[in-house]
Amino acid sequence: MDKLTLKRGSRVLAPSVFTMGNMACGFYGLLAAYRGEFNAAATAIILGMVFDALDGRVARLVHGDSPFGVEFDSLSDFLTFGVAPGYMMYAFILKDYGTWGYPMAFIYALCGALRLARFNAVAHDSGGSKTHFTGLPIPGAAGFLASFVLLYQIIEEGRPAHTWKFLMAQIPSLAVLAPVMVVGAAFLMVSTIPYPAFKKMPLLQLRSPKRILAFVVVAVILFVYRQTAAFVLFFGYTLLGPVSWLMHLPRRMVRPQLKPKPGESAPPTAV
């Protein structure tokens, strides 16, 4: 085996280590949910998001992108963000709905698989968009459900934590809407509603004292109120797509259907 092959193999292996970490988090999340340790299960799912974010960056850093890495990453994402959250929500609350609990959990896992398959197909054909995602990304859906479970467990176990009292007072009421959250997140994943990618957030480009100060303030808030802040961020991102779509719906409905002049192409329609 020549040096070039070894070098290429090491570049592919480097991001795969983080992908394995993502898969390990998903597998542990399943085991924890089976044992009824929902706080550990939700934490594992969110930790898997960290590994998922790192494997892509490491792959680009060492130029280790490969078809193997893409497929391995999708399988890991399906376990950690599709199967694990679906089973966690079933064991946590959906089982209380009797025979309806299983199909609701399965719909979430199924839509997660379809979301990943569509993403890979689009990325293979055209590379996809750099500014937005089509449908709710599966890590966002999993983070929304996991952060909800973390907050509810604080109330259930009576653990002391730095939380926002107003938000915590609403969590028991939200628990009643658990089926809506699970099925709603599932259909948002397979929808065509655009979600911003935030790949080039101005806040993360620390080029001025104001941006550095803003970054520090946000980091402190996220650290002190990490459970509630995580839920607000994931919940807000989940709602961002449909709210933005509804806000632009009247404009799309009243937009005149302009007929093209001879020799001109028809105007593009909104997707």
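The values are calculated or read from the model by the stated rules, or taken from the named source; none is laboratory data. Just so it is clear, the model here is predicted, and its values are computed rather than measured. No Cβ is skipped: glycine too gets one built from the backbone with ideal geometry, and neighbour counts run over all protein chains shown.
Evaluated against (1) assigned to a helix (DSSP H, G or I); (2) modelled with pLDDT under 90, V182 falls short on exactly one condition, (2). Put simply, of Y90, Y102 the only residue that is closer than 19 Å to C25 by Cβ and free of Cβ contacts under 8 Å to residues at least 24 places away in the same chain is Y90.
Within the stretch 92-127, count every residue that is of a type in the set (G, A, S) and farther than 18 Å from V190 by Cβ. Qualifying residue count for the region: 4. In the stretch 234-252, the residues that are in contact (Cβ under 8 Å) with a residue 12 or more places away in the chain and assigned to a helix (DSSP H, G or I) reach residues that are of a type in the set (S, T, N, Q) and surrounded by fewer than 16 Cβ atoms within 10 Å (Cβ to Cβ) with C-beta atoms within less than 9 angstrom, at least six apart or across chains, in these pairs: R252/T269.
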